[in-house]
1. Within the bounds of the stretch B:173-192, is there any residue that is part of a strand (DSSP E or B) and closer than 30 Å to B:Ile5 by Cα?
2. What are the residue pairs meeting all of these: first residue in the stretch B:61-78, first residue in a loop (DSSP other than H, G, I, E, B), second residue among the aliphatic types (A, V, I, L, M), Cβ atoms under 7 Å, and 6 or more apart or on different chains?
3. Are any residues in the stretch B:83-97 out of contact with any Gly (no Cβ under 8 Å at 6 or more places or on another chain) and within 8 Å of chain A (Cβ to nearest Cβ), and if so, which ones?
4. In contact with a Gly (Cβ under 8 Å, 6 or more places away or on another chain) and of a type in the set (Ser, Thr, Tyr), is that true of A:Tyr162?
5. State all residues of the stretch A:261-307 that are of a type outside the set (S, T, N, Q), buried (at least 20 other Cβ atoms within 10 Å of the Cβ), within 12 Å of another protein chain (Cβ to nearest Cβ) and in contact with a Ser or Thr (Cβ under 8 Å, 6 or more places away or on another chain); if no residue qualifies, say none.
6. Somewhere in the stretch A:309-326, is a residue within 14 Å of another protein chain (Cβ to nearest Cβ), part of a helix (DSSP H, G or I), surrounded by fewer than 19 Cβ atoms within 10 Å (Cβ to Cβ) and hydroxyl-bearing (Ser, Thr, Tyr)?
7. So how many residues does the stretch A:244-294 have that are outside any helix (DSSP H, G or I) and over 16 Å from B:Ala149 (Cβ atoms)?
8. Looking at A:Ser114, is it at pLDDT below 95 and small (Gly, Ala, Ser)?
Amino acid sequence: MNFLKSEKNREYLWQVLFTLSIIAFFTFILRNTQSALDKQGIASGFSFLSQEAGFEIGESIIDFFSDDTYQLALLSGFLNTVKVAFIGNILALALGFIVGVTSLSDNYLVAKLSKFYVESIRNIPLILQLFFWYSIFTEVFPSVRSALNPIGGVYLSNRGLYLVSFSDHWFFNILPLIGILSVVAFFFFKKRSIKSLERTGVARKIFLPTLLFFILVSFALWLVAGLPRELSWPTLAGFNFEGGVHLSPEFSSLLIGLVLYTSAFNAEIVRAGILSVDHGQWEAASSLGLNKNQTLSLIVIPQALRVAIPPLISQVLNLTKNSSLAVAIGYPDFVSVANTSLNITGQAVELVLLIMLVYLSISLSTSLVMNIYNRSVTLKER
Amino acid sequence: MNQVIEIKNLSKWFDDFQVLKDINLNVKKGEKIVICGPSGSGKSTLIRCVNRLEVHQEGSVRVNGIELTDNVEVIESTRKVVGMVFQHFNLFPHLTILENLTLAPMWAKKLNKNEALEIANKYLDIVQIADQAHKYPGQLSGGQKQRVAIARSLCLKPEIMLFDEPTSALDPEMVKEVLDVMTKLAEEGMTMICVTHEMGFAKQVADRMVFMDEGKIVEESSPEEFFNNPKSERTKKFLNQILH
């Protein structure tokens, strides 16, 4: 029995046994489910996806009508999830960053306010907060006809938030694209600057050319487009507003709830990150004549973020997964649409599997991107 | 009246504990002072009061005739003429060596990047570390890091340099390269206050020795007198211990 005396062989043996037992377990479950489904006469498989859904979806980025397929319904729900998660994470990170930094402020009032914000928000269950914000929209805000108009172009009512926007001209529609191109240009200029620094010892400017690039390209296209400058104003038409950008009460309250809740956790992570920076760094920076703000922005925060990024990745994933609470206030996210489909078709196994797959792939791709970023900012030690 | 540092009746407390007790010390332009004493005697705290990393409670500290108060502008302008080197280097680990050096000239002195780079490259040459300019602090040895830290302070063209046990965190074989840089700096006429236990360096460079114990200056004399004929018993005991 010399074979079992080797540490390595023992480890292999355990792993083989473990894998076999897992396979056995799942085979058992699958066969059990299959026979139960057969008894109830429910057909398994994903063929139902191409059938007509027969239900409406409250809001959708793509056009969706009740005679479209389940496939399209699920895609619409998926896009709604991505929309709220994407905007929500950007806002939650920004707000968390601000609150985290201010909670360490020398100003007693500001610091205490930040702490109060964090403690009160993170200690109330998210679902209660969602109900709270939703009830503000539906119960507190007035009807469309007497909508609140705090500043020009902003209308608040129980139908949600209406904002003035650019008109539906192709020039305004490609503006985000120019923004993305500018980001690419930024990295190009940065690379050029580093190369030039290594070769000649003189760094070339990065921000100015990027800004120039954005302004020049936008301006050129603006000229080509024939100087469009119309705005689309929300105007009262019948029982609702027309024009502008519309954020539904469901989307708004979900967004506000998720952003506030997650930002409290993000703030604590940022705060911990700042506190983790060695006190000697503050001393060295101030002994060089840098003022407090310069020390914070040039020395402390860049180092604090390196510590904060891995736990912040978790919070990004948390917000994304928590967005499935949308089902409680009627925002048609992926889980909500899948739930409705499940109720109609009874294809529980397939739909739950789809939900798991979708969240797994969102989470894995998010952490992939964030980990690549994390690696790019890690300190060089060797 | 060419005293660049005047410390008068300086007292400082950490909560109830008095770390500095009625300290009086004047430093002339170009003078090199070496402060030594047992650990906890307040030497580091004393020099940290000179660029106000520590706030004192009683007495006064004047640098170039200007008294240090909680006036932020005075503190910041003082720090630009008083360079400091720390025991643990405190380089900025997220910046390259070159960026460590150009940071303060660019942001505190508002020089443009090319001017800052010119100064930085000059001092990197002086501390003989120019070939490492694009590396990060984590990639250097302790001695190299401390030389970079000295160069970083020099980039602000300070009139006074404070050294807070600059060689205490170094491996023995790296002490010399740092002391060589400090000696060179002393020969060029820099005003220096060094907290150090490198007695060889002290004998060679110091104009005056200051021995501190329990928050007080116990003895202040020329190096010859300090090493050959110390007055107080406490100094004799201390010297016996560190010179073996």
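1. Narrowing the stretch B:173-192 to residues part of a strand (DSSP E or B): B:191-192.
So of that shortlist, the ones also closer than 30 Å to B:Ile5 by Cα come out as B:191-192.
So far as the stretch B:173-192 goes, yes, one or more of its residues are part of a strand (DSSP E or B) and closer than 30 Å to B:Ile5 by Cα.
2. Qualifying pairs under 7 Å: B:Asn64/B:Val4; B:Asn64/B:Val81; B:Leu68/B:Val61; B:Leu68/B:Val74; B:Leu68/B:Ile75.
3. B:Gly83, B:Met84, B:Leu91, B:Phe92, B:His94
4. Numbers: in contact with a Gly (Cβ under 8 Å, 6 or more places away or on another chain): yes; of a type in the set (Ser, Thr, Tyr): yes.
Against the criterion (in contact with a Gly (Cβ under 8 Å, 6 or more places away or on another chain) and of a type in the set (Ser, Thr, Tyr)), A:Tyr162 qualifies.
5. Within the stretch A:261-307, A:Ala285, A:Leu288, A:Gly289, A:Ala304 qualify.
6. Checked the stretch A:309-326: no residue is within 14 Å of another protein chain (Cβ to nearest Cβ), part of a helix (DSSP H, G or I), surrounded by fewer than 19 Cβ atoms within 10 Å (Cβ to Cβ) and hydroxyl-bearing (Ser, Thr, Tyr).
7. Applying the first criterion (outside any helix (DSSP H, G or I)) to the stretch A:244-294 yields A:244-248, A:277-278, A:288-291.
Among the residues that remain, those that are also over 16 Å from B:Ala149 (Cβ atoms) are: A:244-248, A:277, A:291.
Residues in the stretch A:244-294 being outside any helix (DSSP H, G or I) and over 16 Å from B:Ala149 (Cβ atoms): 7 in total.
8. No; evaluated as a whole, the condition is false for this residue.
The values are calculated or read from the model by the stated rules, or taken from the named source; none is laboratory data. What you see is a predicted model, and the numbers here were worked out from it, not measured in a lab. Glycine gets a Cβ as well: all are built from the backbone with ideal geometry, and neighbour counts include every protein chain shown.
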